[in-house]
Amino acid sequence: MRSIRLARGTRVLVLTIGVSLHSISAMGDTPDLASYSSIHHISATRGSDDNGDGSIASPWASLRYTLSQIKDATESKVYAILIASGTYRTQNVSMKPYVHLYGGYDETFETRNPELEPTILDGRDQSGVIDGASHSILDGLTITRGRTRYGGGLCFYEVESATLSNCRIVDNYAYYSNLTLDSQRGIGGGLYCEDSSLMIVDCLIANNDAIDSGGGICCVGSPAPTLLRCTISNNLNHQSHYAGIILSRGGGIYCFRCSPSILQCTLHGNSTPQSGGGLFGYESSPLIEDCTISANEAQNGGGMAFNAECTPAISKSRILRNKASTNGGGLLTYRSSAPVISNCLFEGNAAMKDGGASYSESECTSTFIHCDLIQNEALGEGGGLLSIRTSNLVIKNSILWNRGDEIVSDSVSVSGSCVQGGWPGDGNVSVYPKFADPEGGDFHLQNGSVCIDSATVIPGYEEDIEGFSRLNEKGRADMGAYESPDGFSPEVNSFNPARFYVSADADLGGDGLAWETAYRSVDQAILESSSGTHEIWVSSGTYEESLSLESNLKILGGFSGAENSPEERSPESSPSVIDVSGLERPCRGAILRSGDLVDRFHFTGGETDRGG
């Protein structure tokens, strides 16, 4: 619980980087031209390289020629090039240091709107488009149809303090020209960045393709780029082979021994036939903050994958509905990697084998702090989390409410968390968290949630997923990613329905008032029944939970999920099973109080000193 809540959506971001943010214009803004020593102009319709002079009245026609006329740009003599809307054939053009490019002008160069007046640099599928240079700016450009081995659209190699802002890098391609393993060609479909300090701001990187890795972006070495408010979407890798080795990683972003900062970005709809649909890191430790990583696909690590001693820090981000055809729907970590994931939401991710939200293998340690892992699923084991082969899981102050096994691990520490079905550990609970509107994607906690004020504040993690403080006079925090506003108290429910309905196959977020909107756990129905409802109908299925009933409560099992009265049920063909074999031991199947009735259930796995 927090004592102060700002307006939802407020963001405070502090950056310490090698690029001055004052030089970055907002989309459509006209740059401060008074600060430039000289200004040149390019027009696709009025320009002439033969007869022009680069002025507004007599612009040049091509970027290559204009750059060739700039011979003395320095830190104290910076040039600006203004480019009118239109399509320009641009092939293998090398930028020059201290030259700034601005697109999106009308033909008079009086107004600028890159969205309505697009400046398109077109490689025509014959070559790369732009090679970057130190202390350069590219702003308000569309870079498209580039085709080369490194960075189909743009390539930055050993570049210092360059800026790419308000640009669209779309429909570019990185290919193999001859298959030699050490060449690493065919990487960075949209953009390739090696040993470069590059600031990428407010850019769209979409529909690019790499034959090897990094369909959208490939970044290598140090220094590393910073991405701010960018969208990386619908990029892909092909399946490529050399000498029996499969090469294809990082549909959206591929990091090789590189640790970029990725801030307030969206990685959506990217894909690769191997690992890391949204992002792949090898010996890399990126900072990922306030991002949305959604609907990406891969064989392993649908959302993200990290291999070989990666230590990424992932915070205040949403990892949603990613898919792995094998392991790790949302996240996969491998070979001594140690991600720290805090204040994040993992929702609706799926693995066709193991680890719906996250899969870790081979001496990894994955730490989840104040995270929500909701409605993730795996067809194999670990609908929530799976950790094998001497890997460890550390889970603190989190909520796990998934489909299937919540946690499968030989080494796991869980504390201060809400785990469906229960889990041993200090401060853990297993009562339905009472999300505000899970079907609508709202995982704030309702009044009366057992998760409110049930966790300790962990130093270094005093803010929630929305940037709001967890600190208050009680010194207590909420479980999960979202902190609840101050003053929450249990609701008084004046509506007492005749009964609640429970189905093992129900979607999360139902109101329990009909079979079609049934609760998914018996425990949730028991919690809600404290308001005065005295009967719960439970359909067939296996419920991994231990029941503690309120007084005068009737729980009836054996329904198929369509009946209108208890007389219509058939427990033999529709068994309702309470299975506590996977819960903390010793454990009872149910605890009854005065006037309680539990009818037509199978209990299994119970173990205690008095009544299993």
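The values are calculated or read from the model by the stated rules, or taken from the named source; none is laboratory data. Since the structure is predicted, the reported quantities are computational estimates derived from the model, not experimental observations. Cβ placement follows ideal geometry from the backbone for every residue including glycine, while neighbour counts extend to all protein chains displayed.
Being free of Cβ contacts under 8 Å to residues at least 40 places away in the same chain and surrounded by fewer than 24 Cβ atoms within 10 Å (Cβ to Cβ) is the filter here, so list the residues in the range 283-298 that pass it.
Within the range 283-298, Glu283, Ser285, Leu287, Glu289, Thr292, Ser294, Ala295 qualify.
What's the number of the condition Gly448 fails, among (1) in contact (Cβ under 8 Å) with a residue 40 or more places away in the chain; (2) under 23 Å from the mean Cα position of the chain (by Cα); (3) not assigned by TED's automatic domain parsing to the domain that holds Ser360?
(2)
Here are the criteria: (1) assigned to a strand (DSSP E or B); (2) in contact (Cβ under 8 Å) with a residue 40 or more places away in the chain; (3) small (Gly, Ala, Ser). Tell me which single one Gly356 does not satisfy.
Checking Gly356 against (1) assigned to a strand (DSSP E or B); (2) in contact (Cβ under 8 Å) with a residue 40 or more places away in the chain; (3) small (Gly, Ala, Ser), the one that fails is (1).
How many residues does the range 289-320 contain that are β-branched (Val, Ile, Thr) and more than 14 Å from Ser358 (Cβ to Cβ)? Write out each step before concluding.
So in the range 289-320, the residues β-branched (Val, Ile, Thr) come out as 292-293, 311, 314, 319.
Among the residues that remain, those that are also more than 14 Å from Ser358 (Cβ to Cβ) are: 292, 311.
Summing the residues that are β-branched (Val, Ile, Thr) and more than 14 Å from Ser358 (Cβ to Cβ) in the range 289-320 gives 2.
Please work out which one of (1) over 30 Å from Leu263 (Cβ atoms); (2) at pLDDT below 90 is the condition Ile536 fails and give its number.
(2)
It is to be established whether one or more residues within the range 337-352 are surrounded by fewer than 24 Cβ atoms within 10 Å (Cβ to Cβ), over 16 Å from the mean Cα position of the chain (by Cα) and of a type outside the set (A, V, I, L, M).
The answer is no; no qualifying residue exists.
Please state which one of Ile399, Ile465 is modelled with pLDDT of 90 or more, under 23 Å from the mean Cα position of the chain (by Cα), within 30 Å of Ser362 (Cα to Cα) and not assigned by TED's automatic domain parsing to the domain that holds Cys291.
Every option except Ile465 fails the conditions.
Checking the conditions here, which among Asp426, Asp442, Asp437 is closer than 23 Å to Gly509 by Cα, surrounded by fewer than 16 Cβ atoms within 10 Å (Cβ to Cβ) and at pLDDT 90 or above?
Asp442
Which fully enclosed strands (runs of 3 or more DSSP E) of the range 253-322 have 1 or more residues being under 15 Å from Pro339 (Cα atoms) and in contact with a Lys or Arg (Cβ under 6 Å, 6 or more places away or on another chain)?
Because the criterion is at least 1 residues that are under 15 Å from Pro339 (Cα atoms) and in contact with a Lys or Arg (Cβ under 6 Å, 6 or more places away or on another chain), the strands (runs of 3 or more DSSP E) in the range 253-322 that meet it are 279-282, 287-289, 304-307.
Could you list, in sequence order, the residues of the range 284-318 that are under 10 Å from the mean Cα position of the chain (by Cα), under 18 Å from Ser261 (Cβ atoms) and among the hydrophobic types (A, V, I, L, M, F, W, C)?
Of everything in the range 284-318, those that are under 10 Å from the mean Cα position of the chain (by Cα), under 18 Å from Ser261 (Cβ atoms) and among the hydrophobic types (A, V, I, L, M, F, W, C) turn out to be Ile288, Cys291, Ile293, Met304, Ile314.
Filter the range 493-511 down to residues that are in contact with a helix residue (DSSP H, G or I) (Cβ under 6 Å, 6 or more places away or on another chain) and surrounded by 16 or more Cβ atoms within 10 Å (Cβ to Cβ) and give me whichever is modelled with the lowest pLDDT. Write out each step before concluding.
Of the residues in the range 493-511, the ones in contact with a helix residue (DSSP H, G or I) (Cβ under 6 Å, 6 or more places away or on another chain) are 500-502, 508-511.
In the following step, the residues that additionally are surrounded by 16 or more Cβ atoms within 10 Å (Cβ to Cβ) were identified as 500-502, 508-510.
Numbers: Phe500: 91, Tyr501: 94, Val502: 94, Leu508: 78, Gly509: 75, Gly510: 83.
This residue is Gly509.
Out of Gly152, Gly103, I need the residue that is in a strand (DSSP E or B) and either touching a residue at least 12 places away in the same chain (Cβ under 8 Å) or basic (Lys, Arg) (or both). Which one? Break it down stepwise before answering.
Working: Gly152 fails: in a strand (DSSP E or B).
None of the other options fit; the residue is Gly103.
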